[in-house]
Amino acid sequence: MATQEAPCVWTRHCQQETADPVEGRVTGTLPPWLEGRVTRNGPGKLQVGDTPYRHLFDALAMLHQFHIADSRVTYRSRFLKSDSFKKNMSANRIVVTEFGTAAYPDPCITLFKRFKNTFTVPTVKKMTDNCLVSVCQVKDEMFALTETCYIRKVDPEKLDTLGDKIMLTKYVAVNMATAHPHIDEDGTVYNMGSSFSTAKGPCYNVIKMSEGSLERAKVVASISCQWRLYPCYYHSFAMTEHYWVLVEQPLVMSACKMVAGAFTNRPPLDALKWLPEKKVKFRVIERATGSLVQTLYTADAFVTFHHVNAWEDAGHLVLDLCATDDGEIVKMLCISNLGKNSSDPSRLLFRSFLRRYVLPLAGVSKAPPEENLVTLEDIACKATKQRDGSVHCTCHGLYNQFFDMPRINYKRNGKPYRYAYGVSTKGNDLVFEMLVKVDVTTGQTWEFESRNHTVAEPIFVEAPDATEEDQGVILSTLLDKNDPRYVALLVLDARDMSEVARAEFAANDVVTSTFHGQFVGAHESSHSY
């Protein structure tokens, strides 16, 4: 008799949070210097009452936290009490439109009132504050992040949702922002946001927040979208010592469909459009001036959610990222697709790979057409000068298996580095089964797998006496494929990916998967990723 396949962990739905900390059973030995908090964010509720969410990016946010002190670990989880959460729970149905789910009409109102409520003018104020993608702690304040104009402040210790939602538009000219900011060593926070209300059309703006302060936020660079009616969808960006890099990919949002959808009660997902005949454009911005580098760098169409790292090397800009050539990747994350059996031929597959692109910065204007401008040694990437003056870039694969949710030793962010950490899978591409370390210089790999468990995005924590890039630990979480209340904090030696310790917990209810998180050390004065 065939073994029944366990339901995909991404389709789990939690009813009850574990609000009070639960102490875990620790096996192995936690490093004595490892003290602090791991806070992770992701989808928690997949339905409200009888109304289901249609996309993984829609589910009501749930925060998970592991607190490490004195070789003990506690776990707690809390729903983010956003305005969206409170309105939905009060109505016992979905009344706030999310990325892939439109608000359900009230069955008690008349047809005329339903028509009037549906055909309303779209405004920024109607965007959701269901911040389910990541978290960012700056000094003593923690924020839950998503990709709209809203963020929410969270108590970093108890995970209580604090105060009112914060509209970024009140502080700086952006209508949407990424959930993947970069943090300089001095605590300055940089992020990339879209603005749809400028005279020159949709723009991508770089935001600078000195010491992480919203009150001191300002736009330090602004570039126009290459397709005025189709601003691209982007999830992250890269930052080097002298440049910011935005991958303007042909996965776009139709401005016309977004406006029409707001009048006809359609979610933003319906406005998403894949243009495979178009090319990717690497938009390189000088940090010192905010000016766009005039050389146009292109590549064949691909989609990326996550940058790994970027740096400058001998007149080149090297860019490592996770990419797929399939523009249907966002649709793959629809709940209906996630719930399909792995043997179902109609199931859309998630394929993401670790790639490197090299952008030549020097000597482009004087180079003849058809010349490969990449002169770095031991680099298989190409960047070919075109007759129109642009440079077409060809990638090199750094790992030939699935790789995503990348992290590095963040002290190497924007600088040459050697090791990338991510998640992978052996067969079921919807379920992350392995943690992988890749030496991006030699191609050597190390893997960790725990039978019948899924893993989450790895977080690198450097040892206090580290002299090498990979001296430290990797923190991840384990979920049991068959026991929905099981969760564990996993600690690996970052050098060889061997298990150092794990702390296991039984939560009050179902434990859901997470997207991204942050470790905040107990003795840190500034926090990064």
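The values are calculated or read from the model by the stated rules, or taken from the named source; none is laboratory data. All of these numbers come straight from a predicted model, not from anything done at the bench. Ideal geometry is used to build each Cβ from the backbone, glycine not excepted, and the neighbour counts take in all protein chains shown.
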_Return the residues of the range 186-231 that are under 23 Å from the mean Cα position of the chain (by Cα), among the polar types (S, T, N, Q) and not in a strand (DSSP E or B); say none if nothing qualifies._
THR188, SER210, SER213
*Residue identified as of a type outside the set (A, V, I, L, M), buried (at least 21 other Cβ atoms within 10 Å of the Cβ) and closer than 18 Å to PRO360 by Cβ among PHE282, PHE302*: PHE282
*Do you know which residues across the range 319-364 are under 21 Å from the mean Cα position of the chain (by Cα) and in a strand (DSSP E or B)?*
LEU319, ASP320, LEU321, CYS322, ALA323, THR324, CYS334, PHE353, LEU354, ARG355, ARG356, TYR357
*Within the range 309-343, how many residues turn out to be farther than 19 Å from HIS55 by Cα and of a type outside the set (Gly, Ala, Ser)?*
13
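Taking the range 128-145 as the region of interest, how many residues are without any contact (Cβ under 8 Å) to a residue 40 or more places away in the chain and either buried (at least 23 other Cβ atoms within 10 Å of the Cβ) or in a strand (DSSP E or B) (or both)?
The number of residues fulfilling the criteria is 1.
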*State which residue pairs qualify: first residue without any contact (Cβ under 8 Å) to a residue 24 or more places away in the chain and inside the range 361-382, second residue loosely packed, with under 12 Cβ neighbours inside 10 Å and part of a loop (DSSP other than H, G, I, E, B) in any location, beta carbons under 6 Å apart, and separation of 6 or more residues or different chains.*
PRO369/ARG387
*Test ARG495 against the stated conditions and say whether it is among the basic types (Lys, Arg) and either farther than 30 Å from GLN15 by Cβ or out of contact with any strand residue (DSSP E or B) (no Cβ under 9 Å at 6 or more places or on another chain) (or both).*
yes
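Okay, residues lined up against (1) under 22 Å from GLU98 (Cα atoms); (2) β-branched (Val, Ile, Thr); (3) in contact (Cβ under 8 Å) with a residue 60 or more places away in the chain:
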{"site": "GLN15", "(1), (2), (3)": "yes, no, yes"}
{"site": "THR18", "(1), (2), (3)": "no, yes, yes"}
{"site": "GLY28", "(1), (2), (3)": "no, no, yes"}
{"site": "THR51", "(1), (2), (3)": "yes, yes, no"}
{"site": "LEU56", "(1), (2), (3)": "yes, no, yes"}
*Out of curiosity, is VAL436 surrounded by 19 or more Cβ atoms within 10 Å (Cβ to Cβ), of a type outside the set (Gly, Ala, Ser) and within 30 Å of SER343 (Cα to Cα)?*
yes
_Residue identified as among the small types (Gly, Ala, Ser), at pLDDT 95 or above, surrounded by 22 or more Cβ atoms within 10 Å (Cβ to Cβ) and over 22 Å from ALA310 (Cβ atoms) among ALA456, ALA494_ = ALA456
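Does ASN265 satisfy the condition of being of a type in the set (S, T, N, Q), under 30 Å from ALA103 (Cα atoms) and either crowded, with 18+ Cβ neighbours inside 10 Å or touching a residue at least 40 places away in the same chain (Cβ under 8 Å) (or both)?
Yes, satisfied.
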*Is it true that some residue in the range 467-479 is in contact with a Lys or Arg (Cβ under 8 Å, 6 or more places away or on another chain), of a type in the set (S, T, N, Q) and modelled with pLDDT under 95?*
no
*Find the strands (runs of 3 or more DSSP E) located wholly in the range 430-500 whose residues include 3 or more that are more than 21 Å from HIS523 (Cα to Cα), and list them.*
434-439, 445-449, 453-455, 472-480, 486-493
